[in-house]
Every structure is written in structure tokens, then in C-alpha cells.
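To keep things clear, I will list the structure first and then write my remarks on it.
Bear in mind these aren't lab numbers, they're just calculated from the coordinates by the rules spelled out. Keep in mind that this is a model prediction, so the values were computed, not measured. Every residue, glycine among them, receives a Cβ derived from its backbone with ideal geometry; neighbour counts consider all protein chains shown.
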Ligand code: 5RP
């Protein structure tokens with residue numbers, strides 16, 4: 001295990017200490033979230049889970065966790081998920097793993113949403129990473145044209161479909177000075193079904209740097 005992976009596991013292990021018996025827990029997607037799923041299974045709590053991807057559901061079930069169908073769930077107690085970049089205000093970019101739409105729905109349904117990450121994900125500006133946009137395949141060319149107003153370069157993921165059957169277009173080179181306006185513009189494009197900007201969903205973050213875990217809480221962090 002390299003240092004970065006060790007930090008991912010440390011952040012994940014710290015975050016799952018917030019989980020108690022009888023909670024309904026949202027499982028994220030990606031390598032950091034996988035550490036949280038394993039750490040949760042290790043704790044052998046009396047919990048149920050919902051998953052943000054088929055991959056995470058499969059992993060959780062293989063480790064003995066009960067996974068419910070999120071389609072039958074309106075609220076969950078806590079969600080724990082990774083991020084591609086996160087700033088001190090707990091604004092984040094997610095979706096390198098392509099699960100950002102389900103991740104956002106589950107995050108929004110959660111009473112408390114926690115991001116877990118290694119220190120490389122800390123960002124003072126979010127615009128340095130690609131912003132993934134999930135798009136209805138039918139609308140591909142039209143949406144590409146609209147997205148060109150917001151990104152310097154657009155790259156469609158080759159031979160890729162999300163768990164929802166949609167394509168993902170990664171937007172590179174974007175203005176991160178007006179995040180709410182950008183998020184509003186993206187969701188207003190017919191054919192865009194989701195994007196990786198998380199601006200209000202995240203309540204806390206556990207970030208591990210070289211073996212030391214820092215917890216950030218919304219509204220209580222230095223700018
Ligand atoms: C998947 C995600 C992941 O949480 C994000 O990409 C971080 O992944 P990792 O923990 O593997 O670095 O948003 O859609």
C-alpha cells in the first residue's frame with residue numbers, strides 16, 4: 001500500500017467511526033469509498049446500506065453488508081464518499097469514477113454527508129480538475145455545443161456508460177469563480193442529467209495527510 005492509499009484508508013477508517021447501530025448508510029464509489037466499505041464491514045454493526053454504484057453494492061454484499069434498493073428509500077442517516085477535489089468551504093468536484101449523479105442523490109438524502117480523501121484532493125481552486133457531466137446519449141451533440149460555452153476543452157469518455165446508461169463528458173478549463181452560477185447553467189441544459197459539482201451537500205470531510213487526519217466541518221473552517 002502506498003502512502004496515498006494508506007491516507008485514503010486512514011480517512012475512511014476515521015469517518016466510519018461516526019456510524020452507529022441502526023443507521024442507514026450511503027456507500028460512495030471509488031478507491032477511498034472502498035476503504036470505507038471495508039472498514040464498515042469490519043465494524044460488524046447492525047446497519048443497512050444503500051450504494052451509489054453497482055460496483056459498491058457488489059463489494060458491500062460480498063463483505064456481508066445488507067444493501068437496500070435506494071429506489072425504495074427517501075432519507076438516510078449518513079453518506080460517506082470520496083472526492084476528486086475539495087476546498088475549505090466543502091465545495092467539491094466528484095465523478096472521476098462516473099457515479100456522481102447517484103452520489104449526489106444519496107448525498108442529498110443524507111442527514112450528514114461526509115467526504116473522505118487523501119491530502120492530494122485538497123484544493124484552493126476547484127477548476128484545476130476536470131468537471132464530469134453526465135449526458136443523455138440522445139442529446140450528445142447538442143449538449144457538447146452548449147457545454148462549449150463553459151469549458152475550454154471537452155472530452156467524452158470512450159466506450160463508457162454510467163450505471164444509468166448515460167455518457168460522461170469531462171469538462172477541462174473552467175471558471176471556478178462563480179460556482180453556483182455554473183452549476184445552475186449546467187442543470188439548465190436539456191440533456192444534462194447530472195454533474196460533479198457538489199456545492200451544498202457536504203457537511204464534513206476527513207482528509208488524511210501523511211498519516212494525520214483532519215476533520216473539516218461546514219461553516220467552521222478557515223477560508
Ligand atoms: C466517483 C467519485 C469518487 O468518489 C471520486 O472520483 C474519488 O475517487 P477515489 O477515491 O478513487 O480517488 O466521485 O464518481
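Computed values, structure above
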read-out	value
Shape call, region 95-159: gyration tensor on alpha carbons, a/c limit 1.5	oblate
Computed helical MRE - 222 nm, the chain, DSSP H runs ≥ 4 contributing -39500 (n - 2.57), nearest 500	-8500 deg cm²/dmol
Volume in Å³ per residue [convex hull over Cα atoms, computed for the chain]	124 Å³
Proxy reagent accessibility, fewest Cβ within 10 Å first, across 5, 209, 87	5, 209, 87
Theoretical gain in end-to-end length, residue 21 to residue 149 [0.36 nm per residue, Cα-Cα removed]	41.3 nm
Cα centroid separation - region 123-137 against region 174-213, whole Å	8 Å
Three-way shape label, region 61-189, alpha-carbon gyration tensor, a/c 1.5	oblate
C-alpha center-to-center spacing [region 43-118, region 141-159] in angstrom	27 Å
Projected-area average for region 131-196 over all orientations - Cα convex hull basis, square nanometres	4.0 nm²
DSSP beta bridges in the chain [antiparallel fraction, %, rounded to 5]	50 percent
For 206, 142, order by how many other beta-carbon atoms lie within 10 Å, fewest first	142, 206
Convex hull volume per residue for region 4-96, taking Cα atoms only, in Å³	108 Å³
Among 22-28, 130-136, 174-180, 105-111, the order from most to least packed when residues are scored by Cβ within 10 Å on average	130-136, 22-28, 105-111, 174-180
Exposure proxy order (Cβ contacts within 10 Å, fewest to most) of 9, 112, 141	141, 112, 9
Förster radius 25 Å - calculated FRET efficiency between residue 178 and residue 141, Cβ distance, rounded to 0.05	0.40
